[in-house]
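Take a look at the structure set out below.
The values are calculated or read from the model by the stated rules, or taken from the named source; none is laboratory data. These figures come from a predicted structure and were not determined experimentally. So basically every Cβ, Gly included, is an ideal-geometry build from the backbone, and we count neighbours across all protein chains shown. Ligands, DNA and RNA are stripped out before the accessible areas are found, and what is left, the full protein with its side chains, is counted by its heavy atoms. Shrake-Rupley method; radii C 1.70, N 1.55, O 1.52, S 1.80 Å.
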Amino acid sequence: MRIRAVLGSLSVAAVALGLAAVPSGTAAAEPERPPFQLPVPCGDKILMSYGVRDAGPDQHAPALDIFRDPWDETAGNPVVAAADGVVTESYEDPDGGGNIIQIDHGGGWFTTSIHLQDRTVEAGDKIKQGELIGHIGKTGETSNDVYHLHFEQGYDENGDGFADWGAPDTERVVQVFDGVEYDPADTDDLTPLTSKNNCDGSDPDPEPEPEPEKTELKYTGKESIANGTGAELSATLTTAEGDEPVADQEVSFTLGSGEAEQTCSDTTNDDGVASCTVEEVDQPLTDEATVPLTVEYAGEAGAYLKAKTSEELLLQYFTGRAYGLAANVDVLGVPLPIAAIPDTDEVRTAGERAGEQVCVQTADAIVLSAGVLCADVAATTDPTAVTATATTEDVRVGLPGLPVLEISGVRSTSTSSCESAEGAVDLKLVVAGRPVDVGEVPNAEVDLGIAGTRLVVNEQVETDDGLTVNAAHLTAPGGVDVVIASSTSAAHNCG
């Protein structure tokens, strides 16, 4: 074993210096130097130091102390050949440099690696640039018990087949990696570098891909839709932070869920707006009368992150009810209620509904009788509307103290859509044997000549979102209340 020189000491304070910019320059004037690369694998990030400076600039420099970046990954980091060559020395020097390897790279050029944790090559081995020769350690007393690689490039000026190292006035030289000279006169700080050793021409430290921008979707379409018609859906895609429109991106819309899903998509324009139409809405009517809508953007790799928003759209729906007769009358002081007959009960629908007419042949309560009473509720989607209809062939009301009323050919209709609500009544009225012309004016009152008694023909009462039409409505003292041919319709969630 040959100990070529005494290592300069390493100061822990020195390795704690700040990072400096990479110095540049040209190679020294020795014969052509091999294409040295950093003695660590491709892509490894290192911090490079010239060691203790307060003992004088020549005590350690131009030798290098190399640490892994981050610092706590230094121990055991692989050390590789800086260029092709032949191992000339591979030995252990416990009292000095620990595990030491020197490589002859030809033309008088050598590199020496010191304080290695181990040695994976022996003297005489031929090695290629980037081939493993050991790992960073802290062997040898001159390591000061700090993990690092003491590394030197040297030129054999005296031709003895070795490059003396480790002290001033030896054959070590200012070092060059990847064609760039690193002169200790240019910096007193730690220098960050990335190894290009054996990278096969690829960039070991490429510019990071730009972070994709976060995006945001806002639904801007109609909040109310109707079955059997087209639904125009739209949304705006913007950057989440700058609120800038994002153009030329596909946005998809999903109306409904499960088997009821209906979809469409569009590409955003310069304002970030995407619009499309579900040609014919076909969605179930829920208790809440809403339809889920999901708007999604899948993102663009390297440019924009995906975005999603959800809405609950209102589904237009209709309600209707019709009945032929309902009454509260008094017979010899005994109240006699007559429940609505026949009664469709409330019908609720968001689509087509064919008429389901219900009828009864007669209704008789001694002082009140009616024949062939029918009720029906139907709905259409073109136009979108609901119609309630009630009919009675004839009605006779003979209450004590009141003139006899005879009403025939009775028909009331109430039709509601999101645009309007309309009612109509047809009937013939005879009071005490005399015909009465009631005309077509809504809420026409017929004077029966008795105080407190009121007969309204073609009674029309606005309700929430609709209209109730009663062909005739009689009220009198004693709690008398008779409704003949009542129809109610309403349109909801019209938006």
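At-a-glance table
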item: Spin-label model distance (nm) - Tyr155 vs Asp437, 7 Å beyond Cα toward Cβ; result: 13.0
item: Set of aspartates and glutamates near Lys214 by C-alpha distance (under 15 Å), chain-local residues within fewer than 8 positions excluded; result: Glu241, Asp243, Glu244, Glu296, Glu300
item: Length gained when the stretch Glu445-Asp72 is fully extended (0.36 nm per residue, less Cα-Cα span); result: 124.4 nm
item: Listed values (i) 21.9, 67; (ii) 21.7, 63; (iii) 48.9, 146, entry calculated as Rg and Dmax of the Cα atoms in Å; result: (iii)
item: Estimated inter-spin distance, Val86 and Val180, nm [label 7 Å along Cα→Cβ]; result: 3.3
item: Cα→Cβ-extended label distance, 7 Å offset, between Glu250 and Val404, nm; result: 7.9
item: Nearest-20 debye value, the chain charge dipole, Cβ charges on Lys, Arg, Asp, Glu; result: 2100
item: Neighbour net charge for Val367 - beta-carbon separation under 14 angstrom, K R +1, D E -1; result: -3
item: Heavy-atom accessible area order for Glu213, Glu459, largest first, 1.4 Å probe; result: Glu213, Glu459
item: Net lengthening on full extension, Thr263/Asp203 (0.36 nm per residue, minus Cα-Cα); result: 17.1 nm
item: Cβ-derived FRET efficiency at R0 56 Å, Val430 paired with Lys306, nearest 0.05; result: 0.15
item: Heavy-atom accessible area per residue - the chain, 1.4 Å, Å²; result: 47
item: Gain upon complete extension [Ala240, Glu419; 0.36 nm per residue less C-alpha separation]; result: 60.6 nm
item: Those lysines that a straight Cα-Cα span of less than 20 Å connects to Lys128, excepting residues fewer than 8 apart in one chain; result: Lys196
item: FRET efficiency, Lys218 to Thr475 (Cβ-Cβ, R0 56 Å, nearest 0.05); result: 0.55
item: Using θ = phi - 60° and Karplus 6.51 cos²θ - 1.76 cosθ + 1.60, couplings along region 73-82 (whole Hz; Gly, Pro as x); result: 9, 5, 4, x, 5, x, 10, 10, 5, 6
item: J(HN,Hα) series, region 465-470, from Karplus relation 6.51 cos²θ - 1.76 cosθ + 1.60, nearest Hz, glycine and proline x; result: 6, x, 8, 10, 10, 10
item: Karplus-derived HN-Hα couplings along region 373-381 (A = 6.51, B = -1.76, C = 1.60, θ = phi - 60°), whole Hz, x at Gly and Pro; result: 10, 9, 9, 7, 9, 10, 9, 10, 10
item: Between region 285-312 and region 226-249, the alpha-carbon center distance in angstrom; result: 10
item: Estimated [θ] at 222 nm from DSSP helical runs (n ≥ 4, -39500 (n - 2.57)) normalised by residues in the chain, nearest 500; result: 0 deg cm²/dmol
item: Local electrostatic count, Val469, Cβ distance below 12 Å [Lys/Arg +1, Asp/Glu -1]; result: -2
item: Within the accessible area of the chain (1.4 Å probe), percent carbon and sulfur; result: 47
item: Ranked order, Asp266, Asp464, Asp205 - accessible area, probe 1.4 Å, largest first; result: Asp464, Asp205, Asp266
item: FRET efficiency for Arg396 and Ala354, using Cβ-Cβ distance with R0 set to 30 Å, rounded to 0.05; result: 0.35
item: Solvent-accessible surface (1.4 angstrom probe) belonging to Leu467, in square angstrom, nearest 10; result: 10
item: Solvent exposure, largest accessible area first (probe 1.4 Å, DNA, RNA and ligands not counted), of Val397, Val358; result: Val358, Val397
